[in-house]
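Bear in mind that the values in this text are calculations on the coordinates, not laboratory data. In this text, all values refer to a predicted model and were calculated from it rather than measured experimentally. Here the Cβ positions follow ideal geometry from the backbone for every residue, glycine too, while neighbour counts run over all protein chains shown.
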Amino acid sequence: MYNEMLKSKLYKKEAVIDVHTHVGISPKFFYQYGYPYALSVEDLVIRMNLLGIDYSVTFPFVDSAFYVNDSSSSKIQTTTEYCNFPFELENRNMLNEINEIFPEYTDKILPFLMFDPSREAEKQANFMEEISEKYAVFGLKTASTYIQAFVNDLEGKGRPILEFARRKNLPIIFHSSVHPEDPWASASDIVDLAERNPDIRFCIAHSARFLEPVLKKADKLDNCFVDFSAFIIHCKLAVQNSPSIAIEDLRFKANYNDPLSVMVKLAETYPDTMLWGSDTPFNYWIQKYYTGDGKLVEDRLDCEYREETNILHKVPKALKTNITYKNNLSFLFGEDI
C-alpha cells in the first residue's frame, strides 16, 4: 500500500516533517472577516519548498458544512444539505485534491482525517474505513473547541472513531485549550485520555498551552506527544498573560519574549515528546468566536509566514532532528529510528 511506501521513504533519509498544517476552506471565518480562511494543497507545497519543509501532515480546516453556526448564538445546529455527517465533504475534498488533482504531491503530504467526537461517530468511522481503502490516511485530527464537542466523548459517543484508530494503528492530534471558558478541549483531559489508552498515540497541539503538569505527564507516557503548532503566537499570548495560556504558576518556566529560547528549552526538557508543527496557515489568528458562556471574543495575533521556520532552523542540530524527524516518526508510526 502507498502508506507503507511513503513510510519506507521517510525512514531512509532524515527530513523536516511538519506535523500540523491545514488545507481547504472555512466559510465561517471568511464571512466573519476572519483570517486565515483558505489554503490549497498547491499553496501548501509552495510554502514547504520555500521554507525547507520536506513533508507535511495535513488536515481540513476546523469547521464543516455539517454545522451551521448562528452568528447571534454559540449554539451549534446541524444540516445534511451538504454532507451527512461531520467533515464528510471536507475530508473527501482534501483527499481528492491531494490524490486526484495534485498526484505529484502525494509523496510530500500525509493526510489526517478531521473528526467530531460527539456527533454521528458511527457514520464517520464507516466513512473512514471506506475512504482509507481508496486513499492513504496517516492519522486523525480534531479541533473540538470550534465545534463544541468534548474530548472525552471519544470514549463514549465517539468510540467507533477511537476503535477505528486503534484497529488501523493511526495516531490522533487534538487541538488543546486551558481557557477557563473552553470546556471542550482541555489539555488535561487529552493527556488523561492518552493515559487510559496506551495503545493509541496521541498528540496535544499548541505546546499544551505551556501547561507544565500536562507537559510533564505527557513526557512520562510513551504514547503521548506535544506539538509546537502556532508557536510564536502562543509565546505572544504568554507574554500577555492571556487566559488562553496556562496561568503563570502552572506555566513552563521560560522567557516567552524570546521564542527560540523557549523552543530550545522545551526540546531539551522533553527530548522524546516534542514535535515540530507550523499550524500553517494559522500562523496568523484574526478571528471572532464565541466562548463557553456565549461571549463574542475578537483576537488578532500576527506571525509572518516565515517566522516559524526561521526559528526552527536556528535550533541546534540534534534537537532539531528530534523535533522534526525522530519524534515525528515515532508519533506517526509507533516505531523509533
- request: Any chance you could get the radius of gyration and Dmax over the Cα atoms of segment 141-219, in Å?
  value: 11.8, 35
- prompt: What per residue convex hull volume, in Å³, do the alpha-carbon atoms of segment 295-337 yield?
  reply: 122
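Throw me the Rg/Rh for the chain, computed over C-alpha atoms with Kirkwood Rh, two decimals.
Value, to two decimals: 0.92.
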message: Given the C-alpha atoms of segment 90-168, compute the convex hull and give its volume per residue in Å³.
response: 88
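Find the Cα radius of gyration of segment 237-337, compare it with 2.2 N^0.38 Å by division, and give the number to two decimals.
Expressed relative to 2.2 N^0.38 Å, the Cα Rg reads 1.24.
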field: Reachable aspartates and glutamates from LYS108, criterion Cα separation under 16 angstrom, eight or more residues apart if same chain
entry: GLU4, GLU14, ASP18, GLU42, ASP43, ASP54, GLU97, GLU100
message: I'd like to know which of ILE200, PHE282, ILE101 lies farthest towards the positive end of the charge dipole of the chain, counting +1 on Cβ of Lys and Arg and -1 on Cβ of Asp and Glu.
response: ILE200
message: Please compare each pair in LYS216/LYS320; LYS28/LYS314; LYS168/LYS288; LYS216/LYS317 to a cut-off of 32 Å on the Cα-Cα distance and tell me which ones are over it.
response: LYS28/LYS314; LYS168/LYS288
message: Sorted from largest to smallest, which semi-axis lengths in Å does the alpha carbon gyration tensor of segment 187-308 give for its equivalent ellipsoid, taking the root of 5 times each eigenvalue?
response: 23, 18, 14
task: Let me know the volume per residue of the alpha-carbon convex hull for segment 165-208, in Å³.
output: 65
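Nearest 500 deg cm²/dmol is fine: what mean residue ellipticity at 222 nm does the chain get from its DSSP H runs of n ≥ 4 alone, each adding -39,500 (n - 2.57), divided by its residue count? Numbers along the way, then the final one.
On the way: 14 runs with 121 residues, N = 337.
Per the formula, -10000 deg cm²/dmol.
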field: Cα Rg over Rh - segment 130-179, Kirkwood
entry: 1.00
- prompt: Under unit Cβ charges (Lys, Arg +1; Asp, Glu -1), what dipole magnitude, rounded to 20 debye, does the chain have relative to its Cα centre?
  reply: 560
